[in-house]
Each structure stands twice: as structure tokens, then as C-alpha cells.
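For reference, the structure discussed in these notes is given below.
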Amino acid sequence: QVQLVESGGDLVQAGGSLRLSCVDSGSTFRFFTMGWYRQTPGKQREFVATISRYGITNYADSVKGRFTISRDTAKNTVYLQMNSLKPEDTAVYYCQRQGPLDVWGQGTQVTVSS
């Protein structure tokens, strides 16, 4: 059973940076589109960014120019580099593997203080 394990969440001041990591335990990581989503209490989970198996990226308008998604196939890892963080970026961030059955990680908390 494939598992996704996120790490890198932390408390950071506005304007700061964080890099989230998500390790895929499976052997077929390279074939799947990977994504990052986030959720705050009382709200639906929202799209942040995706990266295809070919490296094509897509971003939510709210993070364009500040966040960068990347992947390292040799390490079965997808990253989310977050710069110029804002208090409204505070959320639990989830990694997703898109497929016939989506796989989700357990989430990592990002808190941005003003």
C-alpha cells in the first residue's frame, strides 16, 4: 500500500520561506502527477500546485510567483518551496498522488505569523 509522508511544516514569520517535502513509498512514483493542497478549519481543501510526470506545473493564482513545486524521481519525493509567506498561507498542507485512486498524506502544519 502506497504511503505519502509530508514534512517541513513549521511556524514562520510573514515574508519567510519554508520547503515542504513529500516522500512516496511506492515504486511507481515517476508515473503519477503529484500535487499539494491545503486546508484550514471549517473550509474545503483547496488546490495549491501540481506537477505532472513530465514536469509540467500548475499553480493556484494565490501562490503563483511565490511557491514552486518540483520533484526528484530518484528520491520519490515532491517538494513545495514556499517564499514570501503570508498569514493567509496558514493551513495544513497535504500531498496528493493523482491516479485511479487518489492517495493523500497525513498533512503538515504551516503557520505564518504576522
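The values are calculated or read from the model by the stated rules, or taken from the named source; none is laboratory data. Nothing here was measured: the structure is a model prediction, and the numbers come from that model. Quick reminder, even Gly has a Cβ in these numbers, built from the backbone with ideal geometry, and neighbours come from all protein chains shown. Side chains included, ligands, DNA and RNA excluded: accessible areas come from the protein's heavy atoms. Shrake-Rupley method; radii C 1.70, N 1.55, O 1.52, S 1.80 Å.
Points to keep in mind about this one:
- Accessible surface of the chain [probe 1.4 Å, protein heavy atoms]: carbon and sulfur percent: 48
- If you look at the Cα atoms of the chain, you get an Rg and a Dmax of 13.3, 41 Å.
- Accessible-area ranking of Trp104, Trp36, largest first, probe 1.4 Å: Trp104, Trp36
- Once C-alpha pairs closer than 8 Å and six or more residues apart are averaged by separation and normalised to the residue number of the stretch 3-114, the relative contact order reads 37 percent.
- Rounded accessible area of Arg19 (nearest 10 Å², 1.4 Å probe): 130
- Of all DSSP-defined beta bridges confined to the chain, some 90% are antiparallel rather than parallel.
- Accessible surface, the stretch 9-114, averaged per residue in Å² (probe 1.4 Å): 53
- Per-residue SASA entry for Asp102, accessible area with 1.4 Å probe, Å² rounded to 10: 80
- Summing +1 for each Lys or Arg and -1 for each Asp or Glu among the other residues whose beta-carbon sits under 14 angstrom from that of Asn58 gives +1.
- Filtered trypsin sites (Lys or Arg not before Pro), the stretch 62-114: DSSP coil and at most 11 other beta carbons within 10 Å: Lys64
- Gap separating the Cα centres of the stretch 1-45 and the stretch 69-90, nearest whole Å: 7
- Per-residue accessible area (protein heavy atoms, 1.4 Å probe) orders Phe31, Phe47, Phe67 as Phe31, Phe47, Phe67, starting from the largest.
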